[in-house]
């Protein structure tokens, strides 16, 4: 049962990263992005912002895909180290985002990743 809960949180973190990717790459000039990122719509509509957001989205996509590929395709001995790496990146990004942008990032993005890491630590041992 613990393994199932761990997988649920792992998948949640990956899907959240992929959702952020979609929003940043394809929806950065919408009111949804304005609300999600707490940025003025006029700023989001600037061409430079669109390119910057798309680049950020690409990295979020790499993280999401990396988590899923690691969990479901890697050899058994590589799953835990790979997941610690990718989900650790999400935790670090959430902490940095909370410090530099908004404290809500630590809850929305960081908390699921931290819970996933805790469950990974429990199930890896």
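Pick out the one residue from 118, 87, 92 that is under 20 Å from residue 56 (Cα atoms), modelled with pLDDT of 95 or more and either loosely packed, with under 13 Cβ neighbours inside 10 Å or over 13 Å from the mean Cα position of the chain (by Cα) (or both). Break it down stepwise before answering.
On the way: 118 fails: under 20 Å from residue 56 (Cα atoms); 87 fails: either loosely packed, with under 13 Cβ neighbours inside 10 Å or over 13 Å from the mean Cα position of the chain (by Cα) (or both).
The conditions single out 92.
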*Pick from the stretch 85-103, criterion touching a residue at least 40 places away in the same chain (Cβ under 8 Å) and part of a helix (DSSP H, G or I), ranking: farthest from residue 68 (Cα to Cα)*: 90
*Select from the stretch 1-35 the residues that are within 17 Å of residue 104 (Cβ to Cβ), surrounded by fewer than 17 Cβ atoms within 10 Å (Cβ to Cβ) and at pLDDT below 95 and list them in ascending order.*
32, 35
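Working only within the stretch 36-61, note down all residues that are part of a loop (DSSP other than H, G, I, E, B) and under 17 Å from residue 105 (Cβ atoms).
Just the residues of the stretch 36-61 that are part of a loop (DSSP other than H, G, I, E, B), to begin with: 38-40, 45-46.
Listed by number, the residues that qualify are 38, 39.
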*When you look at residue 97, is it surrounded by 13 or more Cβ atoms within 10 Å (Cβ to Cβ) and modelled with pLDDT under 95, yes or no?*
yes
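Suppose the filter is modelled with pLDDT of 95 or more, loosely packed, with under 14 Cβ neighbours inside 10 Å and in contact with a helix residue (DSSP H, G or I) (Cβ under 9 Å, 6 or more places away or on another chain); does residue 58 pass it?
yes
Just to be sure, is residue 72 surrounded by fewer than 13 Cβ atoms within 10 Å (Cβ to Cβ), at pLDDT 95 or above and in a helix (DSSP H, G or I)?
Working: surrounded by fewer than 13 Cβ atoms within 10 Å (Cβ to Cβ): yes; at pLDDT 95 or above: yes; in a helix (DSSP H, G or I): yes.
So residue 72 passes the test.
The values are calculated or read from the model by the stated rules, or taken from the named source; none is laboratory data. Fair warning: this is a prediction, and the values are worked out from it, not measured in the lab. A quick note on method: Cβ atoms are made from the backbone with ideal geometry, for glycine too, and the neighbour counts reach across all protein chains shown.
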